1. Please compute the contact order of the stretch 50-201 in relative form: average sequence separation of alpha-carbon pairs under 8 Å and at least six residues apart, divided by the residue count, as a percent.
2. Whole-Hz Karplus ³J(HN,Hα) for the stretch 155-162, in order, using 6.51 cos²θ - 1.76 cosθ + 1.60 and θ = phi - 60°, x for Gly and Pro?
3. Which net charge results for the neighbourhood of R220, defined as the other residues with beta-carbon distances under 15 angstrom from its beta-carbon, given Lys and Arg at +1 and Asp and Glu at -1?
4. Could you compute the FRET efficiency for D151 and Q203, with r as their C-beta to C-beta distance and R0 at 30 Å, rounded to 0.05?
5. Straight-line reach from K42: which lysines have a Cα under 19 Å away, not including same-chain ones fewer than 8 places off?
6. Between H85 and K223, what is the label-to-label distance in nm when each label sits 7 Å out along the Cα-to-Cβ direction?
7. Listed highest first by mean packing, meaning other Cβ atoms within 10 Å per residue, what order do 66-74, 183-191, 52-60, 207-215 come in?
8. Starting from the stretch 83-143, pick out the GluC sites (Glu not before Pro) whose DSSP state is loop and whose Cβ has at most 10 other Cβ atoms within 10 Å.
Amino acid sequence: MLESNQNTEHHATVIAVANHKGGVGKTTTAASVGTILASRGKSVLLVDLDAQANLTCSLMPQEDVKDSIYDALTASDSGELPIYHLGENLDIVPATLQLAQADLELSSVMARETLLRELLEAQAREVYDFIIIDCPPSLGLMTLNAATATDYVIIPLVAEVLPFVGLTMINNFLSMVKKKLNPHLDILGILITRYERTNLSKQIEEGLRSELGNLVFETRIRKNITLAQAPLEKSGIVSYDARSNGAADYNSLVDEILGRIK
Ligand code: ATP
Ligand code: MG
């Protein structure tokens, strides 16, 4: 049996956080899961694929960003991932507003769906335990690159309006990517975020669970103002306020994630 070096070798698990619907907690989830995994001793690379650059801005000063994911994706030869160190076990490939041009600029580039996958395989997969990708609120080229590069997708949603139409859309998108570009792709789970104890959200949650079973994470992320405040301090939820409901909920999500990917 070839078992040598098992402990020193890394082969990152890649998780993309995606939903074309805006404001459902994608960035908060990417930042919280990433910072919690790092605090538990896992080496983590965050990748910001959204031109809004919310993930980047929530963890580092925007003015410190020189090169961004845009430069790596649009480099004419093989690009280099610009990796910035955020703290112990935690790095980021940041985004800037410039990324908004990428969809158009790459529209005639060959194999443009696999640009991120190739960058991660060449420069990050063997370095980190986890790579967490934050997607923009669309099913455009960036989310396509994320879905092509990733092992797992987490789909956050808010249990406010009926979520099934949107879920069908992203599910069809991911099925197509799985069929054509990334046979390893799996949905890790659907995550209910900004949860409030109202009759409506209870009904929607019950509907989701009866329809989709354990595809829905048991953990719900409660509505918690601390989660909205942490980014203002460029801080992950646990170092900002370890005793908040936000920290408790995302810690329990991370437990569930680690259980699911074993
Ligand atoms: P976009 O589609 O624009 O990228 P998103 O899906 O990444 O949005 P977030 O930016 O994570 O969503 O969250 C939207 C807003 O809601 C942010 O201001 C965030 O701080 C806040 N928020 C996220 N989760 C919670 C929560 N559980 N409780 C309270 N506020 C939250
Ligand atoms: Mg976001």
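1. Numbers: 179 pairs, mean separation 30.4, N = 152.
Relative contact order of the stretch 50-201: 20 percent.
2. My calculation for the stretch 155-162 gives 10, x, 8, 9, 7, 10, 9, 4 Hz in order.
3. Values: positive: R194, R197, K202, R209, R222, K223; negative: E160, E196, E205, E206, E218, D249, D255, E256.
Every neighbour counted, the sum reads -2.
4. Working: r = 33 Å, r/R0 = 1.09.
It comes out at approximately 0.35.
5. Filter leaves K262.
6. 4.1 nm
7. 52-60, 66-74, 183-191, 207-215
8. E88
The values are calculated or read from the model by the stated rules, or taken from the named source; none is laboratory data. The structure presented is a predicted model; accordingly, all values stated were derived computationally and were not measured. Ideal geometry is used to build each Cβ from the backbone, glycine not excepted, and the neighbour counts take in all protein chains shown. SASA here: full protein model, heavy atoms, side chains in, ligands and nucleic acids out. Shrake-Rupley method; radii C 1.70, N 1.55, O 1.52, S 1.80 Å.
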